[in-house]
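Undergrad: Attaching a single structure in structure tokens format; questions to follow.
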Amino acid sequence: MSSSSSVPLHHVFPEVGATSERPRIPMVSDGRETHFFLSCEYARHVLTVALSDAEFGEAVALAGPSVVCSRPTPGQNIVDPPSPLHFGVHLASLQVGLRFPLHTAHLSVMSYYGVIPGQFSPTTHMFIAGFLPRCMHLGIRPFIDIFLHFFHSIRPGGSESPGYLSISQRAGHRLFEAKSYPDSFKGWRQKWVWVTSVDGRGAV
């Protein structure tokens, strides 16, 4: 991905690198973004899992050694894990940069919107994965308020993807050029795996 030179991160929040305190994650509207909880009921429609053996192997390799991946069985849904220590992640999200253990910034974004990893679209995970190294390169801690300066929610469910959330770049605050990333991932909701940690304490 290539970065836009028009909005340097350190020009937006130059003071962030000087503090070690993490800001409170807002649980209500902060004036820029409406916070909402995506009820899992909207994502409970059952999709036939279409994950080949090669794709499952790819998911295992991409998720990393800190987690154990398992295949969903027929009739299972990504928001109904087999145990409280499991959750579902889409192959496409792993392909665009989602890794474990999750970075605290990734957890902050999920907490802000009240979602689990499987309710984020692959594009959202891709933006978070691209946002983190840009902050690190500049020595800026990737706080939630910085993320919300550049991104906003565009699909809190809907007729095509009920229960799923997509993030888009704010007009005039683009970190990534449009040509540097795909705008859709065909069939992504039907390709997912269960994830849990190798130590049995949960993947995050």
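Undergrad: What nm value, rounded to one decimal, do you get for the distance between Asp80 and Val198 when each label is placed 7 Å out toward the C-beta?
TA: Placing both labels 7 Å along Cα→Cβ, they lie 3.2 nm apart.
Undergrad: Please work out how much length the chain gains when fully extended from Thr73 to His173, using 0.36 nm per residue of separation minus the C-alpha to C-alpha distance, in nm with one decimal.
TA: Value of the extension gain: 31.8 nm.
Laboratory data are not the source of any read-out in this text; all were calculated from the coordinates shown. Because the structure is a prediction, the values reported are computed rather than measured. So basically every Cβ, Gly included, is an ideal-geometry build from the backbone, and we count neighbours across all protein chains shown.
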